[in-house]
1. Quick one: if you stick a label point 7 Å off each Cα along the C-beta vector at R64 and E22, how many nm between them?
2. Pairs of alpha-carbon atoms within less than 8 angstrom and 6+ residues apart define the contacts here; what relative contact order does the range 1-97 have, in percent?
3. Near K36, which aspartates and glutamates are there with a Cα under 13 Å away, not counting those fewer than 8 places off in the same chain?
4. Provide the descending list of Cα extents for the range 1-81 along its principal axes, expressed in whole angstroms.
5. Find out how many positive minus negative residues lie around Q95, taking Lys and Arg as positive, Asp and Glu as negative, among other residues whose Cβ is under 15 Å from that of Q95.
6. Could you let me know the centre-to-centre spacing of the range 107-121 and the range 53-91, using Cα atoms, in angstrom?
7. At V52 and L78, where each label point lies 7 Å from the Cα along Cα→Cβ, what is the point-to-point distance in nanometres?
8. On average, how much area does the Cα convex hull of the chain cover when viewed from any direction, in nm²?
Amino acid sequence: MAIASWNSRFLTGIEIIDIQHEALFEAVNTLADAVKVNNASLRVGGYLEMLVGQTQEHFTTEERYLTETGNRQLRSHLEEHRALNAKLHELLAKQKNGGLVSADVALFFAEWFAHHIAEVDMANGGTGNKPAPPIEA
């Protein structure tokens with residue numbers, strides 16, 4: 001069962017960002033499923049690494065868009081991104097050193113992404129399902 005449910009309320013109207021947001025939800029669900037099956041599995045670490053990579057790629061795309069559009073909330077948006085990146089890298093280091101990733105970790109990310117997209121992204125550049133200017137991937 002998915003812990004992160006993608007739906008139209010998360011659509012920003014910016015195609016590449018919407019695609020990446022949906023992929024992040026899928027990555028969180030994949031991590032949650034792996035944790036449920038066998039927390040000590042190498043797969044958990046691989047899925048956590050996948051989530052870190054996808055998150056960094058997405059943040060790069062989103063930050064470029066916010067910079068190009070002259071978003072006034074760029075600094076606070078970047079701070080949220082940096083805080084999550086730090087948390088992701090902390091968990092990845094812990095997992096690589098033999099620490100277990102709990103289901104609570106996947107739930108934390110599901111909730112973080114849902115809040116960030118629905119509240120912060122929409123307030124800082126989402127177009128609310130209206131077409132947005134194209135950006136390059």
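Read-outs: derived from the displayed coordinates by stated rules, not from any lab. Not measured: the values here are computed from a predicted model. Methodologically, a virtual Cβ is constructed for each residue, glycine included, from the backbone with ideal geometry; neighbour enumeration extends over all protein chains shown.
1. 2.0
2. Working: 54 pairs, mean separation 24.3, N = 97.
25 percent.
3. Counting by Cα, and skipping residues close in sequence, K36 has these aspartates and glutamates nearby: D104.
4. Sorted largest first, the three principal extents are 45, 24, 18 Å.
5. Numbers: positive: R43, K87, K94, K96; negative: E49, E90, D104.
Taking every Cβ under 15 Å from that of Q95, the sum is +1.
6. Here the two parts' Cα centres lie 13 Å apart.
7. 2.3
8. Numbers: hull surface 30.6 nm².
So the Cα hull casts an average projection of 7.6 nm².
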